[in-house]
Amino acid sequence: MPNTLPLGSISPAVPFPPPGIRWVVFDVVGTLVEPWPAVPIAYQRAAAREGIEAGPDDLRQRFAAAWRRQELIDAAAPIPFATSRAREAGRWRGIVHEVFADAAPEPVRERVFADLWQHFADPAAWRPLERGRALVQEAIAAGCGVVLASNFDERLLAIAGHLEPLCRASHVFASSELGWRKPAPAFFRAVESRLGCTADQLILVGDDPRLDVAAARAAGWQALAIGE
Ligand SMILES: [Mg+2]
């Protein structure tokens with residue numbers, strides 16, 4: 001009997017989590033939570049507390065350029081994407097100093113950096129993303145473990161306990177603690193080792209096509225882009 005269903009109806013929807021998955025590993029920023037107020041506004045307010053005037057559009061562009069520069073430093077390092085608490089603090093110090101390089105002298109920029117470091121350590125600086133929260137619930141309902149694995153630093157450990165849906169995770173892995181950042185294969189190997197499981201039992205859910213999705217697949221994991 002000829003199949004008269006439209007083509008799009010024949011393929012069954014891919015289940016989530018897929019069969020055989022034991023742990024669903026979530027990226028954090030942009031996947032489960034986002035900064036709120038948005039980063040340029042947080043930077044604008046911290047700068048204003050030091051008497052620096054800056055517009056959010058300019059700050060957005062400067063932040064993006066400074067963030068990319070720090071990523072390039074990690075990619076070009078003798079051991080690419082190796083990290084530590086000191087390197088992560090250095091990243092954010094470097095970003096803040098670059099963003100305000102033309103706007104304030106070094107001691108003032110350093111105070112803005114300290115202000116912003118504290119700001120983003122506060123659970124109140126973040127808000128949940130609905131799609132991510134739904135996927136966390138689906139993972140739990142399916143009997144899978146929920147894990148956080150983020151290019152963040154030790155501040156994430158304190159934030160995660162006080163913020164939905166991060167507080168649903170049984171394990172929190174921050175790059176500064178693992179010693180590796182995504183997209184390094186060693187980041188994914190370190191998570192496997194801590195969980196005591198193999199790549200085929202893991203799926204990463206993330207918002208970054210390169211750092212999350214492509215990197216996880218290169219490590220032999222399944223991956224789901226949060227926008228799909
Ligand atoms: Mg992200």
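The values are calculated or read from the model by the stated rules, or taken from the named source; none is laboratory data. Predicted, not measured: the structure shown is a model, and the values here were computed from it. Using ideal geometry, Cβ is built from the backbone for each residue, glycine included, and neighbour counts are taken over all protein chains shown. Side chains are part of the model used for accessible areas, which takes the heavy atoms of the whole protein and leaves out ligands, DNA and RNA. Shrake-Rupley method; radii C 1.70, N 1.55, O 1.52, S 1.80 Å.
Taking 86, 114, 47 in turn, the Gaussian network model of the chain (Cα-Cα springs below 10 Å) assigns the largest fluctuation to 86.
Placing a label point 7 Å from the Cα of residue 84 along the Cα-to-Cβ direction, the residues of the range 162-188 whose backbone N falls under 17 Å of that point are 175-181.
Summarise the long-distance tail of P(r) for the chain by giving the % of C-alpha pairs beyond 22 Å.
The proportion of pairs with Cα distances above 22 Å equals 55 percent.
Select from 195, 204, 157 the residue whose mean-square fluctuation is largest in a Gaussian network model of the chain (Cα-Cα springs shorter than 10 Å). Residue with maximal mean-square fluctuation among 195, 204, 157: 195. Annotation: amide H of residue 171 within the under-5 Å range of 148, sequence separation 5 or more or interchain, hydrogens built in the peptide plane.
Label sites at residue 118 and residue 162, each approximated as a point 7 angstrom past Cα along Cα to Cβ, lie 1.3 nm apart.
Relative contact order for the range 39-123: 32 percent, from Cα pairs under 8 Å spaced at least 6 residues apart, divided by residue count.
Cα-based radius of gyration for the range 39-123, normalised by 2.2 N^0.38 Å, reads 1.09. Rounded to whole numbers, the Karplus 3J(HN,Hα) couplings from phi for the range 187-192 are 4, 6, 5, 5, 5, 4 Hz, using 6.51 cos²θ - 1.76 cosθ + 1.60 with θ = phi - 60°, and x at Gly and Pro.
Per-atom-type breakdown for the range 173-228 gives carbon and sulfur 53% of the accessible area (1.4 Å probe, protein chains only).
Ordered from highest to lowest accessible area with the whole protein assembly present and a 1.4 Å probe, 36, 92 read as 36, 92. Within the assembled protein chains, the solvent-accessible surface assigned to residue 111 is about 120 Å², based on a 1.4 Å probe.
The listed residues 41, 140, once ranked by accessible area (1.4 Å probe) with the largest placed first, stand as 140, 41.
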